[in-house]
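J.: A single structure is presented below for examination.
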Amino acid sequence: MNLIKSSEVYNSKTDKIYKSKSLNNANFGDFTLTDYQVFLHLVSKVGGIDRFGKYLQAEQLQTVHTLSAKEFSDLFNADLSNSYKLLRKACKKLIKTSILIEKPDVKAVKEINICAEATYKPYEGEIEIKFTDSIMPYLAQATKRFTLYNLKEISNFGSLYTTRLYELLQDFKTTGWMLVSIEQLRQYFAVGDKLKSYKDFKTRTFAHACQEINDNYDMNLTFEEIKNGKKIVAVKFLFKPTKVIQRLDQNGKVHNEYIKPKAKIKLPKPKPVKHTKNFAQLIDATHEIPRTETEPMQAKNIFMSLLDKMKSKQ
């Protein structure tokens, strides 16, 4: 295998997810949100370009990568002490789990393992995984049929379904709409035998996901239900498309610049005001009668005047 030296590999300034559309549409079985976040975080470490500015291909990509609890905690706003436990659990899940990838051209479903090795290092506070040779072609940076977005974009989502829906929308980001059957959605969300009724499936998965995406991004994401008779068979998602602007680089080559809907700025919650006095003291303070500097002198003058009148009567 002809690997490029690490000194000749240039990584992006921001962590990016780069994967084939087939992998983006895969069924990840019983992954939890944390399992999937760890997987994506590791995938973001795979990509890069060579010294000529070209994307690395499958045979050039490094298969072994590490992820620390500190990195995970910083990106996903997770408690650091709890992140060690989360990484350990995810490490076990990654080595045991296979994913299902549809191959429409041959009408088959391919099952592949994610990791060949997975190691938890408690003293270093990190995990080290080795991706299988089977999954690496799906992480190669091809020029067509790939999904690309910044890892930070999904860091605030609290649901696996929200993360998965957001990823699926990236394949249609320039169109402003995505049509998908209920059967496909159930595969993408890997619900299996759960949520059998459409109402429960809708409420727990894509309806909730749409709300959470709109809470984080100015996308105006909505959906329309498509019926065949009385049965709902598909859902059409509508949203603000990503703008594409063509620009010339310094070499005179045209490249696309993508301007996505803006993330919403969430203001921090106001901190409670701490008072140095207790409540009873504050109440007493409000009943105090204000005094001026002249009050003691006025009282003395009144007393002396009364005393003079009493003496004159004697």
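The values are calculated or read from the model by the stated rules, or taken from the named source; none is laboratory data. Everything numeric here is computed off the predicted structure, so don't read it as measured data. Cβ atoms come from the backbone with ideal geometry, glycine included; neighbour counts cover every protein chain shown.
J.: Tell me which residues, restricted to segment 109-130, are assigned to a strand (DSSP E or B) and either out of contact with any helix residue (DSSP H, G or I) (no Cβ under 8 Å at 6 or more places or on another chain) or farther than 24 Å from residue 84 by Cα (or both).
T.: 109, 110, 111, 112, 113, 116, 121, 128, 130
J.: Of 80, 33, which residue is surrounded by fewer than 21 Cβ atoms within 10 Å (Cβ to Cβ), touching a Ser or Thr at 6+ places or on another chain (Cβ under 7 Å) and at pLDDT below 95? Quick ask: steps written out before the conclusion?
T.: On the way: 33 fails: at pLDDT below 95.
So the residue among 80, 33 that is surrounded by fewer than 21 Cβ atoms within 10 Å (Cβ to Cβ), touching a Ser or Thr at 6+ places or on another chain (Cβ under 7 Å) and at pLDDT below 95 is 80.
J.: Give segment 28-49 a look and list any residue that's among the charged types (D, E, K, R) and under 20 Å from residue 110 (Cα atoms), or say none.
T.: Filtering segment 28-49 down to residues among the charged types (D, E, K, R) leaves 30, 35, 45.
If the condition is that a residue be among the charged types (D, E, K, R) and under 20 Å from residue 110 (Cα atoms), then 30 is the only one that fits.
J.: Can I ask one more? Would you please name the residue that is farthest from residue 30 (Cα to Cα), looking only at residues in segment 95-109 that are of a type in the set (D, E, K, R) and surrounded by 10 or more Cβ atoms within 10 Å (Cβ to Cβ)? Before you say what the answer is, go through the steps one by one.
T.: The initial filter retains those residues of segment 95-109 that are of a type in the set (D, E, K, R), namely 96, 102-103, 105, 107.
Now restrict to residues that are surrounded by 10 or more Cβ atoms within 10 Å (Cβ to Cβ): 96, 102-103.
Details: 96: 11, 102: 17, 103: 21 Å.
Applying the filter and picking the extreme gives 103.
J.: So, restricting to strands (runs of 3 or more DSSP E) that lie completely within segment 215-258, which ones have at least 3 residues that are free of Cβ contacts under 8 Å to residues at least 40 places away in the same chain? Quick ask: steps written out before the conclusion?
T.: Details: elements: 222-228, 231-238, 243-248.
Per the criteria, 222-228, 243-248.
J.: Let me confirm something: among 130, 54, which residue is at pLDDT 95 or above and in the same structural domain as residue 31 (by TED's automatic domain parsing)? Write out each step before concluding.
T.: Working: 54 fails: at pLDDT 95 or above.
Sole residue among the options that is at pLDDT 95 or above and in the same structural domain as residue 31 (by TED's automatic domain parsing): 130.
J.: State yes or no: is residue 83 in contact (Cβ under 8 Å) with a residue 40 or more places away in the chain, assigned by TED's automatic domain parsing to the domain that holds residue 34 and small (Gly, Ala, Ser)?
T.: Working: in contact (Cβ under 8 Å) with a residue 40 or more places away in the chain: no; assigned by TED's automatic domain parsing to the domain that holds residue 34: yes; small (Gly, Ala, Ser): yes.
No; evaluated as a whole, the condition is false for this residue.
J.: Output the residues belonging to segment 193-209 that are of a type outside the set (D, E, K, R) and without any contact (Cβ under 8 Å) to a residue 40 or more places away in the chain. Talk me through it step by step, then tell me what you get.
T.: Looking only at segment 193-209, we keep the residues that are of a type outside the set (D, E, K, R), and these are 195, 197-198, 201, 203, 205-209.
Listed by number, the residues that qualify are 195, 197, 198, 201, 203, 207.
J.: Give the residue that is surrounded by the most Cβ atoms within 10 Å (Cβ to Cβ), with candidates limited to residues of segment 118-131 that are under 21 Å from residue 26 (Cβ atoms) and touching a residue at least 40 places away in the same chain (Cβ under 8 Å). Full working, then the answer.
T.: Residues of segment 118-131 under 21 Å from residue 26 (Cβ atoms): 118, 129-131.
Right, trim to touching a residue at least 40 places away in the same chain (Cβ under 8 Å) and you get 129-131.
Details: 129: 25, 130: 15, 131: 23.
Ranking the qualifying residues of segment 118-131, first place goes to 129.
J.: Quick check on my filter: what residues within segment 150-209 are among the hydroxyl-bearing types (Ser, Thr, Tyr) and not in a helix (DSSP H, G or I)? Don't jump to the end; show me each part of the working.
T.: Looking only at segment 150-209, we keep the residues that are among the hydroxyl-bearing types (Ser, Thr, Tyr), and these are 155, 159, 161-163, 166, 174-175, 181, 188, 197-198, 203, 205.
Passing the criteria: 155, 159, 174, 175, 181, 197.
J.: Kindly evaluate residue 167 against the criterion of being within 15 Å of residue 16 (Cα to Cα) and at pLDDT 95 or above. Spell out how you get there, then give the answer.
T.: Values: within 15 Å of residue 16 (Cα to Cα): yes; at pLDDT 95 or above: yes.
In short, yes.
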